[in-house]
Amino acid sequence: MPVKVTIDQNECTGCGICYNDECPDFFMEGDDGNSNVKPLYQKGDKSIGEAPDSLINCVKNAESSCPASAIVVK
């Protein structure tokens, strides 16, 4: 079952752990350097997405690895 992923743009530091290391299939670097959800998975906003079953483990790894706690997976 897909999960909802939210990135708090105010908390994101643009460190790149999510889009470079943990889950580059789901996250990408935005124009401002912060993390965004790739367009394929976006749900109305660059900060909100839905991860399919095949990416649930990597988005959860990104959530737990984010030093700013900017990623929330529900």
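The values are calculated or read from the model by the stated rules, or taken from the named source; none is laboratory data. Since the model is a prediction, treat every value here as computed from it, not as a measurement. With ideal geometry, Cβ positions are generated from the backbone for all residues, glycine too; neighbour counts draw on all protein chains shown.
Condition first: assigned to a helix (DSSP H, G or I) and in contact with a strand residue (DSSP E or B) (Cβ under 6 Å, 6 or more places away or on another chain). Now tell me which residues in the stretch 8-19 satisfy that.
If the condition is that a residue be assigned to a helix (DSSP H, G or I) and in contact with a strand residue (DSSP E or B) (Cβ under 6 Å, 6 or more places away or on another chain), then CYS18, TYR19 are the ones that fit.
The listed residues are ASP21, ASP31, and the only one of them that is in contact with a helix residue (DSSP H, G or I) (Cβ under 8 Å, 6 or more places away or on another chain) and surrounded by fewer than 15 Cβ atoms within 10 Å (Cβ to Cβ) turns out to be ASP21.
Of the residues in the stretch 54-64, none is surrounded by fewer than 14 Cβ atoms within 10 Å (Cβ to Cβ) and at pLDDT below 95. Note on the stretch 5-18: residues that are farther than 21 Å from LYS74 by Cβ and surrounded by fewer than 17 Cβ atoms within 10 Å (Cβ to Cβ) total 3.
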